[in-house]
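Contents: one structure, followed by commentary.
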Amino acid sequence: MRISARADYAVRAALQLAASRDGGPVKAEAIADAQDIPHKFLEGILNDMRRGGLVLSQRGGNGGYRLAKPAGDISIADVIRVVDGPLVSVRGVRPPDLSYTGPAQALLPLWIALRSNVREILEGVSLADVASSELPAGVSALTHVPDAWTNP
């Protein structure tokens, strides 16, 4: 699975908003500087997140962005879907819309299982979980698998 730069930046921006102490609007420039995200790229991402109902924007001198709902109510999957679409696709097609024949028939249930596991993790972790460095136990346990940190 590949996490795009756009999805990575969106999650990082959302986490920056989740960590905002006063809950007031945070300027895009401040988010970009804090997370080392190109400002123009971030503006487009924040607009997608606004259209997707994850952030609210406020114009003016005291303007900026803030989360549209509590950080505990926004999953990492929510953020990724808003900026990148479906969590798992094959050639841009969602697994349930695929069909295979012959020896490749077992690919479909494999892709469905992959999608199920990705969804379970990303839907089960909120912005609040990550911002507080308290990942759910099941997710945290996966990081302790011996090969988790190595590339084959």
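The values are calculated or read from the model by the stated rules, or taken from the named source; none is laboratory data. Not measured: the values here are computed from a predicted model. Don't worry about glycine lacking a Cβ; one is built from the backbone with ideal geometry, like all the others, and counts go over all protein chains shown. Protein only, heavy atoms only, side chains kept; ligands, DNA and RNA dropped before computing areas. Shrake-Rupley method; radii C 1.70, N 1.55, O 1.52, S 1.80 Å.
Miscellaneous remarks
- With kT/(6 pi eta Rh) evaluated at 10 °C and eta = 1.306 mPa s, and Rh the Kirkwood radius from Cα pairs, the chain diffuses with a coefficient of 94 µm²/s according to Stokes-Einstein.
- Geometric descriptor of segment 33-90, per residue, is 113 Å³ (volume of the convex hull of the Cα atoms).
- Near-label residues of segment 10-29 by backbone N, under 14 Å of a point 7 Å along Cα→Cβ of Ser57: 26-29
- Using a Gaussian network model of the chain in which every pair of alpha carbons under 10 angstrom is joined by a spring, one finds that among Ile112, Ile80, Ile45 the greatest mean-square fluctuation is at Ile112.
- For the chain, built as a Gaussian network whose Cα springs stay under 10 Å, the top-fluctuating residue of Gln16, Gln35, Gln105: Gln105
- When the chain is treated as a GNM with alpha-carbon contacts under 10 Å, the residue of Asp48, Asp73, Asp129 showing the greatest mean-square fluctuation is Asp73.
- Look at the alpha carbon pairs under 8 Å that are at least 6 residues apart: their mean separation over the length of segment 1-110 gives a relative contact order of 26 percent.
- Modelled spin labels at Ala68 and Leu108, positioned 7 Å past Cα toward Cβ, are 3.5 nm from each other.
- Projecting the Cα atoms of Leu114, Gly60, Ala18 onto the dipole axis of the chain, where Lys and Arg carry +1 and Asp and Glu carry -1 at the beta carbon, places Gly60 farthest toward the positive end.
- Extension gain, Ala19 back to Ser132 (0.36 nm per residue minus Cα-Cα distance, nm): 39.8 nm
- Segment 19-68 - percent of accessible surface contributed by carbon and sulfur, probe 1.4 Å: 45
- Angle of helix 39-51 to the longest C-alpha principal axis of the chain, folded into 0 to 90 degrees and rounded to 10: 80°.
- Solvent exposure of segment 22-152, expressed per residue, is 62 Å² of accessible area, with all protein chains present and a 1.4 angstrom probe.
- Relative contact order of segment 47-152: 24 percent, from C-alpha pairs under 8 Å at least 6 residues apart in sequence.
- Segment Arg2-Asn151, extension gain: residue separation times 0.36 nm, minus the distance between their alpha carbons: 52.3 nm
- Residues listed by number, segment 63-79, amide nitrogen under 16 Å from Arg50 label point at 7 Å toward C-beta: 63-69
- The charge dipole of the chain, taken about the Cα centre with unit charges on the Cβ atoms of Lys, Arg (+1) and Asp, Glu (-1), comes to about 460 debye, rounded to the nearest 20.
- Net charge of Cβ neighbours under 14 Å - reference Thr143; Lys, Arg +1; Asp, Glu -1: -3
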